[in-house]
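**Q** The structure's right below; bear with me while I get my questions together.
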């Protein structure tokens, strides 16, 4: 005789995991909140710093970014910003692009560009902070 | 039974709701929600300038000066003020969302109160930032 769980087409393990056909739970939502909380102090720090660089020359900004505190904060800002951006852009694309092929292509292109920008920005900070 | 079915009237789609012809009235709640997404996308585009600005640190001093000149040009300043507002709006409204996520301020009066706070916050901080930026220059 079929039990309750057979009728629901979900096995006991699947029910315990509670993930359904999407195969994931609230990770995306939670990651978006965590990165947004991190970005509150980081963006305020960045605006406060950037105000001083209005019209500044390369040497001034370079010297500032070489300081460990600046390099650490800038690296964290870059990681949090591009992570938060990738999560946000994913939601926007999924909301408006419904054809599966176009959606997948858009997601890959957008995320690829974001990873590229993040790598370039992070490399610059490390190069300035560690190198000449 | 031989009679042809009367032509089916097309069902109304959502545009009949929207201004100027529709019955739908704009409200702050949906406007700020749309603005949150729009400012998020705008800030995403702004990361291109941030990355360009950083990469120019590795080039010649004139490369960096070119980026700074672009930022200081009329078009650059309009973009920068827009991005400053977008940043403060997305920041303030993001905090409003985080408060909602804790289950607080979800009554209609509080949702509107928070909305006005975010609008005032983003305008005041945008003005303050640019007053400060020109004072240091």
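**Q** Give the average, rounded to an integer, of partner chain Cβ atoms located within 10 angstrom of each Cβ in B:18-30. Write out the running numbers ahead of the final one.
**A** Numbers: counts 0, 0, 0, 0, 0, 0, 0, 0, 0, 0, 0, 0, 0.
Across the residues of B:18-30, the mean count of other-chain Cβ atoms within 10 Å is 0.
**Q** Does anyone have the angle between helix A:68-96 and the longest principal axis of chain A? Alpha-carbon axes, 0 to 90°, nearest 10?
**A** That works out to roughly 40 degrees.
**Q** Do you know the relative contact order of the stretch B:42-137, to the nearest whole percent, from alpha carbon pairs under 8 angstrom that are 6+ apart?
**A** Worked out over the stretch B:42-137, it gives 27 percent.
**Q** Right, another one. How are the Cα pair distances of chain A distributed, in percent, across 10 Å bins from 0?
**A** In whole percents, the pair-distance histogram is 10, 27, 25, 18, 10, 5, 3, 1.
**Q** Can I ask one more? Assuming R0 = 45 Å, can you tell me the calculated FRET efficiency for the pair residue B:112 and residue B:65, based on Cβ-Cβ distance, to the nearest 0.05?
**A** 0.45
**Q** Run the helix sum for chain B: -39,500 (n - 2.57) per DSSP H stretch of 4+ residues, divided by residue count, reported at 222 nm to the nearest 500 deg cm²/dmol.
**A** Taken over chain B, the calculation gives -25000 deg cm²/dmol.
**Q** With runs of 4+ DSSP H residues as the only contributors, calculate the mean residue ellipticity of chain A at 222 nm using -39,500 (n - 2.57) per run, divided by the residue total and rounded to the nearest 500. The partial results should precede the final answer.
**A** Details: 6 runs with 104 residues, N = 132.
Calculated mean residue ellipticity at 222 nm is -26500 deg cm²/dmol.
**Q** Per residue, how big is the convex hull of the protein assembly as shown when only Cα atoms are used? Give it in Å³.
**A** Cα convex hull per residue, to the nearest whole number: 258 Å³.
**Q** Okay, next question. Between residue A:63 and residue A:108, what is 0.36 nm times their sequence separation minus the Cα-Cα distance? Round to one decimal in nm.
**A** Values: separation 45, 0.36 × 45 = 16.20 nm, distance 3.65 nm.
Computed gain between residue A:63 and residue A:108 is 12.5 nm.
**Q** Using the basic label-point model (7 angstrom from Cα toward the beta carbon), what is the residue B:52 to residue B:11 distance in nanometres?
**A** Result: 4.7 nm between the two label points.
**Q** Inside 10 Å of the C-beta atoms of B:71-84, what's the mean count of C-beta atoms belonging to other chains?
**A** Per residue, the average neighbour count from other chains is 1.
**Q** Using only the Cα atoms of the stretch B:1-71, what semi-axes does the equivalent ellipsoid have when each is the square root of 5 times a gyration tensor eigenvalue? Give whole Å, largest first.
**A** 54, 18, 9
**Q** Compute the angle between helix A:27-51 and the longest alpha-carbon principal axis of chain A, please, reported from 0 to 90 degrees and rounded to the nearest 10.
**A** That helix lies at roughly 10 degrees to the long axis.
**Q** Considering chain B as a Gaussian network with a 10 Å cut-off on Cα pairs, which listed residue, B:113, B:96, B:11, attains the greatest mean-square fluctuation?
**A** B:11
**Q** Compute the distance in nm between two label points, each set 7 Å from the Cα along the Cα-to-Cβ direction, one at residue B:33 and one at residue A:40.
**A** Taking the two extended label points, one gets 2.3 nm.
**Q** Now, a different point. Starting from 0 in steps of 5 Å, tell me what percent of the Cα-Cα pairs of chain B lands in each bin.
**A** Bin by bin from 0 Å, the calculated values are 2, 8, 12, 14, 13, 12, 10, 7, 6, 4, 3, 2, 2, 1, 1, 1, 0, 0.
**Q** Which order do peptides A:83-90, A:99-106 fall in by mean Cβ count within 10 Å, highest first?
**A** In decreasing order of mean packing, A:83-90, A:99-106 become A:83-90, A:99-106.
**Q** Mind checking the angle between helix B:74-101 and chain B's longest principal axis? C-alpha axes, 0 to 90 degrees, to the nearest 10.
**A** Roughly 60 degrees, rounded to the nearest 10.
**Q** While we're here: Taking every residue in A:10-22, how many Cβ atoms of other protein chains lie within 10 Å of its Cβ, on average?
**A** Counting Cβ atoms of other protein chains within 10 Å of each residue's Cβ and averaging gives 0.
Laboratory data are not the source of any read-out in this text; all were calculated from the coordinates shown. Because the structure is a prediction, the values reported are computed rather than measured. Here the Cβ is made from the backbone with ideal geometry for all residues, glycine too, and neighbour counts use every protein chain on show.
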